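Here is the structure we will look at, set down as structure tokens.
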Amino acid sequence: MIKFEHVGKTYPNGYQAVKSMDFEIAKGEFIVLIGPSGCGKTTTMKMINRLMPHTEGTITINGQDITKANPVELRRNIGYVIQQAGLFPHYTIEENIALIPDLKGWKAAKKKERVHELLHMIGLDPALFAGRFPRELSGGQQQRVGVARALAADPEIVLMDEPFGALDPLTREQLQDELIRLQKTVNKTIVFVTHDMDEALKLGDRIAVLKDGSLLQLDTADKLLKEP
Ligand code: ADP
Ligand code: ADP
């Protein structure tokens, strides 16, 4: 459903952060991008939702060249979760989760129902949490809300850029388990960035190993570990 053909990204300063990448991600697949800092993980993610336009090659989503798609429409179909949840501090939890449904013009009742459903799904009681502000939540709870927000309008694709990177090991492990469970329920196509191999092996159906802007290998954990 996501296809990269000879995709590259050269920044305006001339630095080539991604070099001729070729891969295909199937619908419902959980792909992890792994590699050291600076290898092009975030750039690769942002090329998918066009926060960062690619400069070489072709990216297609469901057969459509993304340069021909309306960027706003494209992003509404792609949830995005980043390291520091990125919640709006002056919006309540409910308002934060309802952001994209709002842009899509959903009716108030439908939005409320969806927000409550998502809060239950991420294990936060709506009666306690819907009206709170982000600063009144722990880091782990905020990350959960970030995940809920990305899923709110039922996008086909969810991009997650080191979503659990800033959390303590215990909370992190708990959220990883929740994400695995969630993935089985909602069957989204997920692209997840990490530089932690344990996390990659635990979560990915397949793991893409990046180095210096190139894709070295894209394989299942079993095969990856067997390589010399
Ligand atoms: P990663 O997510 O793997 O840490 P990034 O995709 O953020 O890597 O960055 C890849 C490379 O591109 C890095 O060397 C980074 O310094 C460089 N880079 C990122 N953004 C820009 C930019 N706007 N202009 C120039 N170089 C950039
Ligand atoms: P509008 O102009 O319709 O108010 P924006 O241009 O701010 O909306 O955003 C359009 C779409 O792009 C929204 O669906 C939003 O989720 C998405 N979007 C905006 N900023 C980001 C971001 N930093 N990461 C991911 N998606 C984003």
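Brief remarks follow.
- Among residues of the range 15-36 that are outside any strand (DSSP E or B), those with a beta-carbon under 7 Å from a residue that is open to solvent by 70 Å² or more (accessible area, probe 1.4 Å) and within 15 Å of ligand 1 (Cβ to nearest atom) at least six positions away or on a different chain give the pairs G35/H195; G35/K211; P36/H195.
- Candidates are the residues of the range 71-103 that are at pLDDT below 90 and loosely packed, with under 13 Cβ neighbours inside 10 Å; the one that is nearest to ligand 1 (Cβ to nearest atom) is V72.
- Tally, over the range 1-39, of residues that are more than 15 Å from L218 (Cα to Cα) and under 16 Å from the mean Cα position of the chain (by Cα): 3
- Within the range 123-163, the set of residues being touching a residue at least 60 places away in the same chain (Cβ under 8 Å) and away from ligand 2 (no atom under 16 Å from the Cβ) is empty.
- Within the range 37-55, considering residues that are farther than 23 Å from V186 by Cβ, polar (S, T, N, Q) and assigned to a loop (DSSP other than H, G, I, E, B), the one farthest from ligand 1 (Cβ to nearest atom): T55
- Search result, residues across the range 44-65 that are on the phi > 0 side of the Ramachandran plot and over 18 Å from the mean Cα position of the chain (by Cα): G57, G63
- T55 within 16 Å of ligand 2 (Cβ to nearest atom) and open to solvent by 10 Å² or more (accessible area, probe 1.4 Å): no
Condition check ((1) open to solvent by 20 Å² or more (accessible area, probe 1.4 Å); (2) within 16 Å of ligand 2 (Cβ to nearest atom)) across all residues:
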site	(1), (2)
Y11	yes, no
M21	no, no
E24	yes, no
K41	no, yes
Q64	yes, no
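- Test: residue in the range 160-172 that is of a type outside the set (F, W, Y), under 17 Å from V81 (Cβ atoms) and assigned to a helix (DSSP H, G or I): yes
- The numbered conditions (1) modelled with pLDDT of 90 or more; (2) surrounded by fewer than 13 Cβ atoms within 10 Å (Cβ to Cβ); (3) part of a helix (DSSP H, G or I) are all true for H120 except (1).
- Any hit, the range 186-206, residues being open to solvent by less than 60 Å² (accessible area, probe 1.4 Å), more than 22 Å from G28 (Cβ to Cβ) and assigned to a loop (DSSP other than H, G, I, E, B): yes
The values are calculated or read from the model by the stated rules, or taken from the named source; none is laboratory data. Please read all numbers here as calculations on a predicted model, not as lab measurements. Note that each Cβ is placed from the backbone with ideal geometry, even for glycine, and that neighbours are counted across all protein chains shown. Note: areas computed on protein heavy atoms with side chains; ligands, DNA, RNA excluded. Shrake-Rupley method; radii C 1.70, N 1.55, O 1.52, S 1.80 Å.
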